[in-house]
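First comes the structure, then the notes that go with it.
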2 protein chains.
Amino acid sequence: MTPLVPVRNTSSIGYSPGMVYAIVGEMKKLLGQLDTWLESAASFAKAKSFDPNVFVGLRLAPDQFAFARQVQSACDTAKFAASRLTGKDAPTNPDTEQTLDELRARVRSVIAYLDGFSAADFQSSATRIVSQPRWEGKVMTGADYFVEHAVPNFFFHLTHAYAILRHNGVNIGKRDYLGPLSLRTP
Amino acid sequence: MTPLVPVRNTSSIGYSPGMVYAIVGEMKKLLGQLDTWLESAASFAKAKSFDPNVFVGLRLAPDQFAFARQVQSACDTAKFAASRLTGKDAPTNPDTEQTLDELRARVRSVIAYLDGFSAADFQSSATRIVSQPRWEGKVMTGADYFVEHAVPNFFFHLTHAYAILRHNGVNIGKRDYLGPLSLRTP
């Protein structure tokens, strides 16, 4: 079969700072869910009488990030999305977490950081210039960066953290992933 | 530690039909990436002289969806998001795929379906009422459904499909996940 993938440019379509804020809010919510998975992992270790911090080094493939790095990456993707799209400084995290409790503290620190943003902070985010050392001098617009980089990367690392726990027997399920939904009575 | 997760209502914040269209476009792009992972899985099986369709039944935990179902679920989440948010009928897929080629055809059919939408189709999506049998009569607004359900579910199943292949040795990496980025010269 022939390749499919076109490069898209999203910035001209219908970028909305308020919607970016809403999706950053969803990231924040799901980091709260991640905090509950970490709690379930600790409970599972306790019930099975093994060191809960074994989880920190588990991975799905030898050349993939271990659990701790997946958690750190999910945290950083959300943190840097908010920082880069608003121009506000992000706190530094040295990635030294060695225990589930330290990972929970990391997750909670990012949630607290994200709590400090309002929709107005994202007002000029579409046209901000974002770059990273690995892009070798190239840049992305804020709009492209959010849709093509921040969103898919956040969920990539979050879901890998979930999958590593699930693969190793932790009793979590889809509802623990999604968290409470804004269901209404019709 | 005390629980963190609040229920959020996103619909009032800054929903944008154009941005929903852009993110559905990103889903379409990443389904194109999934098509390339399926190709890599087939190549890996050929190089190792095993039946490529073994992948269809692999899973990370005995009570998680197998690979085929993860692919089908990623496809359906994107398909139903577009359908439910625009009021356009979605094609029926009986979930009978048994081979990597059939899964590739499924992925490509959803990409073709998503190709049929324009930003204007999503104009009144924020206030559409969305429901599912499992919600037992409850509903979500289109805005809440997109941010809290469609987006996280799409990436959940897409990333699980990726992780199952990666866990089983297929030679794919982060660039194959993200696909080409809209990088620019400053």
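The values are calculated or read from the model by the stated rules, or taken from the named source; none is laboratory data. Source: prediction; values computed, not measured. Cβ: placed from backbone, ideal geometry, glycine included. Neighbour counts: every protein chain shown. Heads up: the accessible areas ignore ligands, DNA and RNA and are worked out on the full protein's heavy atoms, side chains in. Shrake-Rupley method; radii C 1.70, N 1.55, O 1.52, S 1.80 Å.
Amide hydrogen proximity for A:GLY14: with H placed 1.01 Å from N in the peptide plane, no residue at 5 or more positions away or on another chain lies under 5 Å.
Solvent-accessible area assigned to carbon and sulfur over region B:16-178 amounts to 49 percent, based on a 1.4 Å probe.
Can you give the alpha-carbon Rg of region A:21-95 over 2.2 N^0.38 Å, where N counts its residues? Spell out each step's value before the answer.
Working: Rg = 14.8 Å, N = 75, 2.2 N^0.38 = 11.3 Å.
For region A:21-95, the normalised Cα radius of gyration is 1.30.
For A:ALA120, the distances from its label point to the matching points in the remaining copies are 3.6 nm, ordered from shortest, with each point set 7 Å beyond Cα toward Cβ.
Computed 3J(HN,Hα) for region A:103-111, one whole-Hz value per residue from the Karplus formula 6.51 cos²θ - 1.76 cosθ + 1.60 where θ = phi - 60°, is 5, 4, 5, 4, 4, 5, 5, 6, 4, glycine and proline marked x. Only DSSP H runs of four or more residues enter the estimate; each adds -39500 (n - 2.57), and after division by the residues of chain A the mean residue ellipticity at 222 nm equals -16000 deg cm²/dmol.
Annotation: per residue accessible area for chain A equals 41 Å², rounded to a whole number [probe 1.4 Å, protein chains only]. What separates the A:SER83 label point from its copies, with the point 7 Å along Cα to Cβ, is 4.2 nm, written shortest first. Beyond 30 Å, the tail of the calculated P(r) for region A:16-178 holds 18 percent of the Cα pairs. Take each residue of peptide A:26-39, count the partner chain Cβ atoms within 10 Å of its Cβ, and average: the result is 3.
Considering only A:LEU178, A:GLY142, A:SER83, and ranking their Cα positions along the charge dipole of region A:16-178 that arises from unit charges at the beta-carbon of Lys, Arg, Asp and Glu, the one farthest toward the positive end is A:LEU178. Taking Cβ atoms as reference points and 11 Å as the exclusive limit, the residues near B:ARG69 contribute a net charge of -2, counting Lys and Arg as +1 and Asp and Glu as -1.
Just to be sure I understand the model, the point goes 7 Å from the Cα along the line to the Cβ. What's the resulting B:ASN93 to A:ARG108 distance in nm? Each label point lies 7 Å from its Cα, and together they span 4.1 nm. Three principal axis extents describe the C-alpha atoms of the protein assembly as shown; from largest down they are 52, 47, 47 Å. With label points set 7 Å from Cα along Cα→Cβ, the inter-copy distances at B:ARG108 are 5.1 nm, sorted shortest first. By the Stokes-Einstein formula, at 1.567 mPa s and 4 °C, region A:14-56 with its Kirkwood radius over alpha-carbon pairs has D equal to 105 µm²/s. Based on alpha-carbon atoms, the Kirkwood radius and the radius of gyration of region B:67-121 give Rg/Rh equal to 0.99.
About its Cα centre, what dipole magnitude does chain B give when the only charges are +1 on Lys and Arg Cβ and -1 on Asp and Glu Cβ, stated in debye to the nearest 20?
Working: 20 positive and 17 negative charges, 76 e Å.
Roughly 360 debye, rounded to the nearest 20.
Mean per-residue shielding of peptide B:134-142 is 3, counting Cβ atoms of other chains within 10 Å of each Cβ. Placing a label point 7 Å from the Cα of A:ALA47 along the Cα-to-Cβ line, the residues of region A:155-173 whose backbone N sits under 11 Å from it are A:169-172. In sequence order, region B:124-134 has phi-based couplings of 9, 6, 4, 9, 4, 9, 10, 9, 9, x, 5 Hz under the Karplus curve 6.51 cos²θ - 1.76 cosθ + 1.60, θ = phi - 60°, and Gly or Pro positions carry x.
The interface between chain B and chain A buries about 6300 Å² of solvent-accessible area in total (1.4 Å probe, ligands and nucleic acids excluded).
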